[in-house]
């Protein structure tokens, strides 16, 4: 028999074909609203995405969750239509409405078939331009979100996320989750929602992105006929538009935090520190570094903690790239009796990858392939392309960025990864948050060398 396939080795990766992101045209409507248009041939659909550089980091100090609550209320009706009338209108044209609120931005998206582009864009303009914000709707949606927050207290991963951010960013706009807390949500009023919408959903701040099976000119015409009619309001509140996210982050409130989960068989872990902003020149090297360390199933940490030790089903690492330095974190669930050993392993791997145990050639090739092979799949739909353009806008990246991503990653060598690790991974400054059985863990925690554990309630 000839032509047998040798399955004992991974196949050698071939060269990744060049990625060509669709042409992005930039303009402005008659009222000053920035416009980005993209022709996306394929299924006859169109996506309109209004994006603003205002997110959960702009929540007032005692009103965490306000940005997310405001976005969640947008589909509860507008001045022209009740909620039922609005959703009936969306259903008639087969439209899908969505909102996304991150730390630095808010986006409202509507996707519909191309022949209904004008109706769809008109509905989106109504939704974001003239929301109703009835007191009864605000109270109902607010209470639903409070109920969700209370439910999340029983979810170890959600507890770990919340406490980790609060520990890394004490008193900082990045130090809370977008959903808010039960206490902060309880105090939110319709007047606060209305005021936040007035200040955040500003044409001079926003960018309208249109992507779909229409020409640039057709998308621009639809945008002008709908969003071009929205009025330009006075400048937004500076506190909302430009929160103090660029201020220096102070020291963490603790190095080791423990949340008790009596009799838990697993511990939920977060280990990391404040890292870098999206604008870092080491971005591509850090992407490769992360894949090697914990960014995919065959990473170093998974090989050590899952395959060799059997302590976990899987852990992962990641840099949360924001306008200002965001967190780097390892997250995962591990056997409770192996908690301390797992944290030690994470800290050790963070330390050695930038020095004593640098990235190997095999790891480098694997990581570059992981980042580049499926890159183009992220832009298959109009909605995906619109999300990609929104990221370009938020981080002030050139329209050519996606065309250069693959060659930039392929140009990263082992020395660049090692240098990035040495510069941006700081095991000696890392914070560990553990949600697990305190009575089982307390005696072993001093071995971590992170100081006395601070015990907090979930």
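The values are calculated or read from the model by the stated rules, or taken from the named source; none is laboratory data. Bear in mind that the values here come from a model prediction, so they are computed numbers and not experimental data. Don't worry about glycine lacking a Cβ; one is built from the backbone with ideal geometry, like all the others, and counts go over all protein chains shown.
Data overview
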item: Among the residues listed as 399, 370, 386, 324, the single one being crowded, with 18+ Cβ neighbours inside 10 Å and touching a strand residue (DSSP E or B) at 6+ places or on another chain (Cβ under 6 Å); result: 386
item: Leading residue by the ranking (surrounded by the fewest Cβ atoms within 10 Å (Cβ to Cβ)) among those in region 296-308 that are touching a residue at least 24 places away in the same chain (Cβ under 8 Å) and either in contact with a strand residue (DSSP E or B) (Cβ under 9 Å, 6 or more places away or on another chain) or part of a helix (DSSP H, G or I) (or both); result: 296
item: Members of region 154-200 found to be touching a helix residue (DSSP H, G or I) at 6+ places or on another chain (Cβ under 8 Å) and loosely packed, with under 15 Cβ neighbours inside 10 Å, listed by number; result: 186, 189
item: Out of 393, 433, sole residue that is touching a strand residue (DSSP E or B) at 6+ places or on another chain (Cβ under 6 Å), closer than 17 Å to residue 23 by Cβ and either assigned to a helix (DSSP H, G or I) or modelled with pLDDT of 95 or more (or both); result: 393
item: Given (1) over 30 Å from residue 95 (Cβ atoms); (2) touching a helix residue (DSSP H, G or I) at 6+ places or on another chain (Cβ under 9 Å); (3) modelled with pLDDT under 95, index of the condition residue 375 fails; result: (1)
item: Matching option when the condition is buried (at least 22 other Cβ atoms within 10 Å of the Cβ), in a loop (DSSP other than H, G, I, E, B) and either modelled with pLDDT under 95 or over 20 Å from the mean Cα position of the chain (by Cα) (or both), among 334, 343, 359; result: 359
item: Failed item, numbered, when residue 271 is tested on (1) in contact with a helix residue (DSSP H, G or I) (Cβ under 9 Å, 6 or more places away or on another chain); (2) closer than 22 Å to residue 175 by Cβ; (3) surrounded by fewer than 17 Cβ atoms within 10 Å (Cβ to Cβ); result: (3)
